[in-house]
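Accompanying notes for the structure given below.
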């Protein structure tokens, strides 16, 4: 594994950093002010976001996420990962470059598994930034950490599929620009458990879709994106909206979620870098009991630990990205699982220390730490909770030594 970025990546990193310095950081307050101006009707898009997207597109900093495709940046996971980290330093920045979730995963899914009609109807406007999308997987009535539990039914009726069920944490549906979703549901309950599920395109103006309620995160609405619970009652969509065919849902999910987990982790590292910066500056600028707070050993230890954890998380994420590029997601599954546990926990820990460093101000909206913590804590659940990823890592580890013990037992038996 080569630890130095190639020239293409370095050039893009320089351009993205310059864009952030010139257009994103100076407009963080503008974004917040425009959101506040909406009052209670917050499901609107601040104009600054659309203005900045025009500039990013003009500068060629657009759809950088899409790997191995001329439709996007044609970057590998290793090449895109550091760009994702830079964008992650500001919550709305990824969308400015049309590189935000869940659109990135949905676009990759349609590009990889969709037919030409699906690409023309949905992928093209998503790539152009004209619409947004959602991904409907998690359900309120089952433990969705085990995706075989997903119970929403997708039943064939002539030339249509009929969908019935409930979904929640349907991120993005509250956005007025959200026009389509990709839904995972059960087409054949009698099939082997990993062949029961399928994925299907679901336009959000289809009759029978009801938004039951909006779901806040620690009191934050995450507008204009938002999360919600959805009821699906006799929702009919054409048969051709199904991806690949019945029973291919798990296969598609693994293809979609692997890169998304890398993106989440790199954005988390970007937030962690900025959080450490805020914490260090706060500690250097405040005095207590006759000396700078930064001079107390407890804070030296916390700052050192933050730097160590950031560097460790970045290296592990880049290793996972490298393996995905060279040997594929399946072989890289342990590294993908490990970083999905490590990076969000790292970020939560650093944010917690930064909140402590800011005292009472840390839990207000003044420094952006409380809202960042709310988002970071969710990362320990989205795309599979820590427990599921830890289980996957442990099983891979046990498998190595189980086979060794079995071989040893076989050898001993043959000698008897």
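So how much slack lies between residue 315 and residue 403, counting 0.36 nm per residue of separation and subtracting their Cα-Cα distance, in nm? Intermediate results must be reported in sequence, preceding the final value.
Numbers: separation 88, 0.36 × 88 = 31.68 nm, distance 2.94 nm.
Fully extending the segment from residue 315 to residue 403 adds 28.7 nm.
Given the alpha-carbon gyration tensor of the chain, what are the semi-axes of its equivalent ellipsoid in whole angstrom, ordered largest first, with each equal to the square root of 5 times an eigenvalue? The partial results should precede the final answer.
Details: eigenvalues 243, 182, 92 Å².
Taking √(5λ) for each Cα gyration eigenvalue gives 35, 30, 21 Å.
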Query raised in the report: How much of the DSSP beta bridge set in the chain is antiparallel, as a percent to the nearest 5?
Result: 80 percent
Query raised in the report: So what's the gap between the Cα centers of segment 129-150 and segment 183-246, to the nearest angstrom?
Result: 7 Å
Query raised in the report: Using the Kirkwood radius built from alpha carbon pairs, what does the Stokes-Einstein equation give as D for segment 113-203 at 25 °C and 0.890 mPa s, in µm² per second?
Result: 173 µm²/s
Requested in this report: Sort 358, 23 so that the residue with the fewest other Cβ atoms within 10 Å of its own Cβ comes first and the one with the most comes last.
Outcome: 23, 358
Query raised in the report: For the chain, modelled as a GNM with alpha-carbon contacts under 10 angstrom, which of 272, 304, 343 fluctuates the most?
Result: 304
Requested in this report: Among 178, 265, 99, rank each residue by its count of other Cβ atoms within 10 Å, from fewest to most, as a rough exposure measure.
Outcome: 178, 99, 265
Query raised in the report: Taking neighbour Cβ counts within 10 Å as the exposure measure, how do 415, 282 sort from fewest upward?
Result: 415, 282
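Between residue 414 and residue 44, 0.36 nm times their residue separation minus their Cα-Cα distance comes to what? List each step's numbers first, then the result.
Values: separation 370, 0.36 × 370 = 133.20 nm, distance 7.23 nm.
Once the chain is fully extended between residue 414 and residue 44, it gains 126.0 nm.
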Query raised in the report: Using the beta-carbon distance between residue 388 and residue 124 and R0 = 56 Å, what value does 1/(1 + (r/R0)^6) give for FRET efficiency, to the nearest 0.05?
Result: 0.95
Report task. Go ahead and set up a Gaussian network model of the chain, Cα springs under 10 Å, then flag whichever of 122, 168, 299 fluctuates most. Result -> 299
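Given Cα pairs under 8 Å that are at least 6 residues apart, what percent is the relative contact order of the chain?
Working: 648 pairs, mean separation 56.2, N = 416.
Computed over the chain, the figure is 14 percent.
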Query raised in the report: What's the extension gain from residue 7 to residue 193 if we count 0.36 nm per residue and subtract their Cα-Cα distance?
Result: 62.4 nm
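The numbers here are math on the coordinates, done by the rules we state, and not lab data. Note that the structure is a prediction, hence the values are computed from the model and not measured. As a convention, Cβ positions derive from the backbone with ideal geometry for all residues, glycine included, and neighbour counts pool all protein chains shown.
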